[in-house]
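K.L.:
My structure is below; once you've seen it, I'll send some questions.
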Amino acid sequence: MKNALFWIPVLGISLWLGAAQAAVGGGDVTLKNKGGDVIFSHGAHIDGAGLECAACHDKLYLSKAQHRKVSMKEMQKGKSCGACHNGKNAFSVKGNCSNCHKK
C-alpha cells in the first residue's frame, strides 16, 4: 500500500508533465483544402528542422483561429508557408504539392 501511495502521484505528475510538453509543441494542425488537406506538423518544424516557435509566431501566424487562407500564388511570392518554403530555406511550394497536400 505504501508503494501505491508513492507511485500513483509520481505517475500523475509524469502524465501531467508529458501533456504540458506536448502542448508546447502545438501538435499537428489540419488545414482543410479542396486540393487535399494540409497537415502541418509542429514537431517536424520544431524538432526536425530545429526552429523556434518565434520563427512563425507572431511573424507569420498568430493562431489557427486568425489564420486566413493563402493562395499558392501568394505563397510563391513569400507569404505564409512560402516565407521559408522557397527552394532555398526549405523545399519550394511550387511543384511539390504532395509534400503538403494529402488526399
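Each reported figure results from applying straightforward, stated rules to the coordinates on display, with no laboratory input. All values derive from a computational prediction rather than experimental measurement.
K.L.:
Please report, in Å, the Rg and the Dmax of the range 26-102, where both are computed over Cα atoms only.
P.N.:
For the range 26-102, the Cα radius of gyration and maximum Cα-Cα distance read 11.8, 30 Å.
K.L.:
Can you tell me which aspartates and glutamates have their Cα less than 14 Å from the Cα of Lys102? Leave out same-chain residues fewer than eight positions away.
P.N.:
Here the aspartates and glutamates satisfying the reach criterion relative to Lys102 are Asp28, Asp37.
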